[in-house]
C-alpha cells in the first residue's frame, strides 16, 4: 500500500509566508514539535524561500519515548493525561523552546486515524501547544473530520494560524 502524500490546504503557503514575514520583522525564530503531523508543519514552512532566516528547528516525536528523550516531557505527564492531551502538547511546546534558540514554538499531538481513537479521544482529536520565550503558553484541542490526510492537513493549517496570531502578539484562536 502506497501512503498518501501530504494534503495541504490551499492557504497553507500563504499562512507560512505570513508567519515568516512577522518573524523576520521581529527577529523571531520558530521551533516545531510534531507527533501526528510527522513534520508537516516544518515541511510547510521550509517550502518558503528564506525560511532559514526564521525556522530554527523541528522535532518529530512520534513515540512517547521520543517526547520524553527529545523534549523532556515527563513520563508521569504522559501516563496521567495520555499522549493526546493539552498537557502533553504544552509540555512538548515548552520542551521545543528549552532545546532550541527559538522564540516561539508549536506542538501537535493527535489521533489522525484511521485507527487509534477512543470514546474520549476519537479519530480527529488533535491537541496544540504554543509557547513563547517570554514564558507564555497556550493550548487548544480540536476535532477534525475526514481521513488521515485531511486530519493532518487541517492540523498543519491550524498550527500555522495559531503561530501567525502569536507572532502578531495575540493568542491562538
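Some points to look at:
- Annotation: region 29-115 has a Kirkwood hydrodynamic radius of 12.9 angstrom, from the mean reciprocal C-alpha pair distance.
- Residues 41, 17 arranged by fewest to most Cβ contacts within 10 Å: 17, 41
- Of the peptides 167-173, 123-129, the ranking by mean beta-carbon count within 10 Å, highest at the top, reads 123-129, 167-173.
- Of all DSSP-defined beta bridges confined to the chain, some 60% are antiparallel rather than parallel.
- Per-residue [θ]222 nm for the chain (sum of -39500 (n - 2.57) over DSSP H runs n ≥ 4, rounded to 500): -12000 deg cm²/dmol
- The alpha-carbon atoms of the chain, seen along their principal axes, cover 44, 35, 27 angstrom, with the largest extent given first.
- Least to most buried among 92, 70 (fewest other Cβ within 10 Å first): 70, 92
Here, each number is a calculation from the coordinates, and none is a lab measurement. Everything quoted here is computed from the prediction, not taken from an experiment. Quick reminder, even Gly has a Cβ in these numbers, built from the backbone with ideal geometry, and neighbours come from all protein chains shown.
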